[in-house]
1. Of the conditions (1) open to solvent by 80 Å² or more (accessible area, probe 1.4 Å); (2) modelled with pLDDT under 55; (3) part of a loop (DSSP other than H, G, I, E, B), A97 clears all except one; give me its number.
2. Failed condition for A59, given (1) of a type in the set (A, V, I, L, M); (2) modelled with pLDDT under 90; (3) in contact with a helix residue (DSSP H, G or I) (Cβ under 6 Å, 6 or more places away or on another chain), with all others met?
3. For segment 4-42, give me each residue that is over 22 Å from L55 (Cα atoms), open to solvent by less than 60 Å² (accessible area, probe 1.4 Å) and outside any helix (DSSP H, G or I).
4. From the list P79, P75, pick out the single residue that is surrounded by 11 or more Cβ atoms within 10 Å (Cβ to Cβ), out of contact with any Lys or Arg (no Cβ under 6 Å at 6 or more places or on another chain), part of a helix (DSSP H, G or I) and at pLDDT below 55.
Amino acid sequence: MAKPAGFDRDIGYLMPFLDRVAATADTLPDAAAREELKRLMAEEKERWARIQQLLGGAAGQGTSAATPAADSRAPSSTPGLARAHADEINRVQPRQAGLTVGSLKRQS
């Protein structure tokens, strides 16, 4: 399968953004929050680097080592709860939450 077009450019924007978020961690007054944000950003960069490799045709490793439950630092129910909450906001209160779908370009 050919590599989907456009992802190199998007990931090229994403990685510097993740770097900026990690750099901002140094400005947080709470030491625990600083360390957690730095760790999260490092993990996220690793994930996106792997995603880029997979999109480039790298072989998959299966799901045994990469499942969120295998990470003892993250509770397994957190992603489901966050997703359920986001779905609730999108379904019930999209305008109040400032979440809209549509073009950002002006229509002539």
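The values are calculated or read from the model by the stated rules, or taken from the named source; none is laboratory data. It should be emphasised that the depicted structure is a prediction, and the values quoted were computed from it without experimental measurement. Here the Cβ positions follow ideal geometry from the backbone for every residue, glycine too, while neighbour counts run over all protein chains shown. Surface accessibility is based on the protein's heavy atoms, side chains included, excluding ligands, DNA and RNA. Shrake-Rupley method; radii C 1.70, N 1.55, O 1.52, S 1.80 Å.
1. (1)
2. (3)
3. L28
4. On the way: P75 fails: part of a helix (DSSP H, G or I).
On inspection, the qualifying residue turns out to be P79.
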